[in-house]
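Here's the structure, in structure tokens; my notes come after.
The values are calculated or read from the model by the stated rules, or taken from the named source; none is laboratory data. Not measured: the values here are computed from a predicted model. Every residue, glycine as well, gets a Cβ built from its backbone with ideal geometry; the counts of neighbours run over all protein chains shown. We work out accessible area using only protein heavy atoms, side chains counted, and drop any ligands, DNA or RNA first. Shrake-Rupley method; radii C 1.70, N 1.55, O 1.52, S 1.80 Å.
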Amino acid sequence: MTSETSIPIAGEGSRRRRFAAGARRWALGPPGIDRLTLAHCVHSAAEAFFTISMAGSIFFSVSPDAARPRVLLFLVVTLAPFLVMAPLIGPFVDRVRGGLVGTMTATFVARCCLALLLAENLRSLLLFPLAFGILVMAKTYTVTRNALVPSLVADEQDLVAANARLSRTATIVGGLAAAIALAAYSGTSGAWTLRIGAVVYAAGAITAWRVRPIARLLEPVGADAFVELVQPDVTGAVRDMVALRASIGFALFHFGFSLRVAGDPAWVIGAVILANGTGGFVGTVVSPYLRRTMSERSMFTAALVGAATAMLVAGVAFGRVTLVGAVFVLGLAVSVGRRALDATIQRQAPHARRGQVYAGIETWLELAWVSAACLAVAVRVAPWIGVLALAGFLAVVSIAHIRNRVGLRLLRPVVSAPLCDRLLMRAETLADHHFPDEAVVVALAALRECEIQGCDTGISSTERRVLLDEIDSISPERAEQVIAEVRSHVMHRH
Amino acid sequence: MFVVTCLAGCNGGDEGRPATVSAPPVVDASAYSAVLAPFLPASDGDERPVVWITQLGAEPISLDDQVDMIAEVETTHDLRFVDDPEAAVDDDRGELRDDGLLLGIGKIRDESPHTVRVEVFSHQQRVRAELVTLAVDANGWRVDGREIVDSEDLVVDE
């Protein structure tokens with residue numbers, strides 16, 4: 001064998017290794033986040049087995065109206081941990097070293113045990129507490145996973161990309177797992193599908209335990225982070241995301257019941273769940289392109305208006321195809337909204353890119369999901385009525401969002417107007433958006449600018465000092481009075 | 001008020017009454033399972049026939065009783081409860097889903113005679129209704145009599 005024949009083999013092996021490394025990096029991300037991505041993929045796969053196994057549960061044999069009170073009870077019970085968790089999750093993340101990884105691992109262990117118990121009780125009333133136990137653990141996992149991401153990326157600019165990769169890869173794996181789970185269910189039973197799912201949960205516990213933060217120690221959230229978080233863009237993005245998450249929680253439980261009442265077979269409900277997942281996946285794929293062409297607020301506008309329109313069409317022309325299409329669009333909208341929220345926090349609240357903050361936001365999002373699900377179960381209406389109600393809700397949220405955007409645009413400077421006029425307009429806009437303290441400060445700045453231009457104002461420096469001393473507790477009505485007084489002086493100078 | 005009236009009646013007329021009065025039997029899942037038994041189609045072992053159950057009248061069978069009834073015949077029949085009989089009908093074919101049988105069951109009377117109305121719909125026999133009388137003994141509930149009556153609740157759209 002000549003030396004020339006050995007070189008191509010070495011080169012080919014090197015190319016294969018580079019290709020494999022590149023594929024691994026595309027799928028799992030750089031070192032650090034790759035282990036969390038792997039754990040999330042296992043979670044997604046296990047949840048697919050759990051979901052498919054429910055097709056063999058007693059839920060599809062009892063009458064929906066008889067099951068409704070029991071489901072509502074356990075949804076309310078599911079609410080309780082999140083109500084408790086919401087104010088405590090930040091300090092917990094801040095103070096307990098290793099708490100996040102431990103919690104995430106514990107959710108896998110708990111779900112493994114619950115799945116094994118559920119496999120023996122799929123056809124009994126214990127289905128309800130066990131299935132909702134798995135739901136609570138899954139929601140807790142989501143909160144801790146979101147809190148871990150900032151400590152696993154070396155560069156904070158990678159947060160949006162990291163979250164998108166997590167979602168994209170896990171959705172692909174979840175889809176493949178669902179196909180395997182369906183085959184297992186068809187060949188065996190719901191109980192055996194669940195037992196396989198329990199094994200996957202156990203594997204998830206191992207992968208979760210191997211996650212280790214690589215970045216700096218968790219830094220406490222300072223005052224600058226809180227200031228950034230209350231900016232109109234950030235609060236608006238969180239509010240819009242809460243509405244989207246509530247919508248999907250309502251949709252899944254409403255259709256789960258109303259379609260059963262109407263007599264639709266289980267596969268239709270499966271199609272609705274699949275449409276939501278597919279929409280979410282498509283959202284992670286298109287979001288990077290959307291970010292290149294539009295702002296985060298425009299992404300939210302598109303998501304809200306698109307979801308409202310799809311629901312309206314499905315409500316007016318109700319059928320299985322339009323329903324599945326509308327849920328696909330809703331899943332897409334939720335996914336796009338999530339990427340837009342991540343991008344908003346990354347850009348507008350750089351000091352708030354901490355695990356504690358993400359954990360807090362995610363807890364409120366899960367609370368919205370569960371609360372909306374409770375409403376869906378409590379109200380017994382036909383599927384098309386629920387769709388129209390959802391369309392109405394999303395339309396109202398869209399209008400509020402657009403109105404807020406117009407208001408925020410007014411905050412942008414109108415360069416041609418004099419500075420004191422622009423400051424006064426800004427003060428009025430801040431007051432309209434319920435920021436009385438900022439409005440008064442800006443109004444006083446407008447007054448100062450007016451004095452520099454030579455106008456004679458009637459507010460003494462003592463009065464201004466008193467106003468600034470009271471600024472933390474100033475009421476909206478007092479702010480309006482101050483602004484009106486400043487306006488009279490500014491207008492008078494003309 | 002009912003309890004008070006009952007006690008006053010007992011106080012006034014204790015002479016000649018038995019020392020103990022047996023409590024009325026509890027109408028539970030076992031009673032409804034006894035009602036169902038004569039109407040269930042034959043099971044050939046591999047395929048479990050689908051039986052749709054809807055409740056006649058306003059008072060539904062409780063979730064616990066439904067689960068017990070399903071478990072009672074789990075190995076031989078696939079019981080499925082629906083709130084509305086139309087949910088058991090395939091809109092495209094106009095027939096019962098999964099080639100099943102639809103049974104409408106009323107509320108079993110708590111007092112003797114323990115009668116209950118049962119209406120049966122299958123695409124072959126259309127609708128027939130029976131008034132079933134139950135009796136209870138040490139072995140549990142059993143069917144004591146069946147009487148053909150006019151159908152009232154399950155209506156077939158021709």
Under the rule a/c < 1.5 gives rounded, and otherwise a/b versus b/c splits prolate from oblate, where does the stretch A:422-488 land using the Cα gyration tensor? oblate
Distance in Å, no decimals, from the C-alpha centre of the stretch A:261-276 to the one of the stretch A:311-351 is 19
Please compute the length gained on full extension between A:Gln348 and A:Ser124, using 0.36 nm multiplied by the number of residues separating them and subtracting their Cα-Cα distance. 75.6 nm
Estimated D of the stretch A:230-338 in µm² per second, where Rh is the Kirkwood radius over Cα pairs and Stokes-Einstein applies at 37 °C, 0.692 mPa s: 230
Karplus 3J(HN,Hα) series, Hz, for the stretch A:120-132 with 6.51 cos²θ - 1.76 cosθ + 1.60 (x for Gly, Pro): 7, 10, 4, 10, 10, 5, 5, 3, 5, x, 6, 5, 6
Inter-probe distance in nm under a simple model that places probes 7 Å from Cα toward Cβ, at A:Arg16 and A:Ala382: 6.2
In the stretch A:263-282, whose amide N lies under 14 Å from the spot 7 Å out along Cα-to-Cβ of A:Phe60? List them in ranges. A:263-274
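Whole number in Å², please: accessible area per residue of the stretch A:417-494, 1.4 Å probe, ligands, DNA and RNA not counted. Let's see the in-between values first.
On the way: 4390 Å² over 78 residues.
Result: 56 Å² of accessible area for each residue.
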Accessible-area loss of at least 50 Å² (1.4 Å probe, chain alone to full protein assembly) applies in the stretch B:79-100 to B:Asp83, B:Arg97
Given 5 Å bins starting at zero, what is the percent of C-alpha pairs of the stretch A:107-174 in each, up to the one with the largest pair distance? 3, 15, 18, 17, 15, 12, 9, 6, 3, 1
Please report, as a whole percent, how much of the solvent-accessible surface of chain A comes from carbon and sulfur atoms (probe radius 1.4 Å). 68
Total accessible area buried between chains B and A, 1.4 Å probe, in Å² to the nearest 100? 1300
Where in the stretch A:38-64 does accessible area fall by at least 40 Å² between the isolated chain and the complete protein assembly, at a 1.4 Å probe radius? A:Ser61, A:Val62, A:Ser63
Computed for the stretch B:63-158: size of charge dipole around the Cα centre, +1 on C-beta of each Lys and Arg, -1 on C-beta of each Asp and Glu, debye to nearest 20, value 420
Taking the Cα centre of chain A as origin, sum charge times position over the Cβ atoms of Lys and Arg (+1) and Asp and Glu (-1), and report the length of that vector in debye to the nearest 20. 1820
Whenever you get a sec, line up A:Ile402, A:Ile345 from highest to lowest accessible area (probe 1.4 Å, protein heavy atoms). A:Ile402, A:Ile345
Compute the separation of the alpha-carbon centres of the stretch A:95-140 and the stretch B:72-140 and state it in Å as a whole number. 38
Everything considered on the Cα gyration tensor (a ≥ b ≥ c; rounded for a/c under 1.5, else prolate if a/b is larger than b/c, else oblate), the stretch A:241-285 must be described as oblate
Scaled to the compact-protein estimate 2.2 N^0.38 Å, what is the alpha-carbon radius of gyration of chain A, rounded to two decimal places? 1.14
For the stretch B:37-96, what % of the accessible area comes from carbon and sulfur atoms, probe 1.4 Å? 43
Extension reserve of the A:Glu485-A:Val286 stretch, reckoned as 0.36 nm per residue once the Cα distance is removed: 66.6 nm
For A:Ile474 the rounded accessible area (nearest 10 Å², probe 1.4 Å, non-protein molecules ignored) is 20
